[in-house]
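My structure is below; once you've seen it, I'll send some questions.
Nothing in this text is a laboratory measurement; each read-out follows from the coordinates by a stated rule. Owing to the predicted nature of the structure, the values given are computational and were not obtained by experimental measurement. Cβ: placed from backbone, ideal geometry, glycine included. Neighbour counts: every protein chain shown.
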Ligand code: ADP
């Protein structure tokens with residue numbers, strides 16, 4: 001991947017996908033029949049509480065002030081460790097969150113909620129690649145054959161794109177929510193080698209049997225971006241129903257390939273983030289999933 005290809009995709013993404021980065025999408029409606037009863041995991045939260053001590057505190061940004069996450073105790077701790085100038089206001093850096101999970105594990109729904117609450121930049125590699133395919137950029141043309149087959153796009157194609165995007169000023173100022181990356185051990189390695197670390201790694205755990213059902217019935221409204229399910233949460237409006245679109249890789253045949261790829265890589269990727277990992281039962285109702293996720297992120301930011 002040469003730098004011209006990467007730059008052109010990044011440029012396109014900034015222009016064409018600005019909306020997707022900044023406009024919170026609505027969470028899809030839920031029905032009790034789709035989800036198993038709620039159980040919040042306290043073990044993962046405890047782990048995360050421990051990991052918050054590792055957070056880097058900087059004076060680069062007013063992010064925490066703006067959102068009321070100003071913490072006097074952590075400021076004092078950092079001031080005494082790193083500086084003798086206690087008059088300088090020191091704030092925490094904005095959140096850096098990775099969310100992972102199988103296809104249709106609910107990442108999109110949860111990302112919209114996280115983005116709207118914390119003001120982070122949502123970077124979905126799937127959305128980035130679909131935009132590149134639609135725009136027929138060089139990266140898009142290259143990625144298309146893999147995506148159409150349900151396979152992963154080669155690491156060398158996606159790694160540079162993500163690294164460049166994370167280095168952009170909006171991500172540095174607002175923090176980011178990385179969705180769909182890293183998806184292979186090589187991608188996780190590339191992130192850490194380039195000095196990019198996250199505060200929190202959220203993993204949505206959903207059994208394959210539920211995932212296939214969710215994928216096959218999943219439809220998107222191209223106008224609002226809202227996600228529906230033909231059985232569990234169909235639109236009530238006939239006009240919306242008529243314009244719903246299905247992702248070309250959301251078929252039973254392709255989801256099987258996508259799940260194989262997911263299972264082949266997931267343990268190695270999780271292994272790179274054990275200290276900051278929070279595993280959430282993604283088979284719960286979306287509201288219950290969000291509650292666990294928010295508590296986990298708040299624990300990191302506290
Ligand atoms: P899902 O997680 O439901 O499979 P995404 O929208 O995240 O869907 O991704 C769609 C497709 O985009 C993937 O099947 C893959 O071909 C490609 N893709 C997205 N992210 C990556 C990645 N980090 N590495 C390689 N390919 C990716």
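Starting from the Cα-Cα distance between residue 164 and residue 209, subtract it from 0.36 nm times their residue separation and give me the gain in nm to one decimal.
The residue 164-residue 209 span can extend by a further 12.6 nm.
How do 92, 256 rank when sorted from fewest to most other Cβ atoms within 10 Å of their own Cβ?
256, 92
Please state the relative contact order of region 124-268 as a whole percent: Cα pairs under 8 Å, 6+ residues apart?
It comes to 25 percent, rounded to a whole number.
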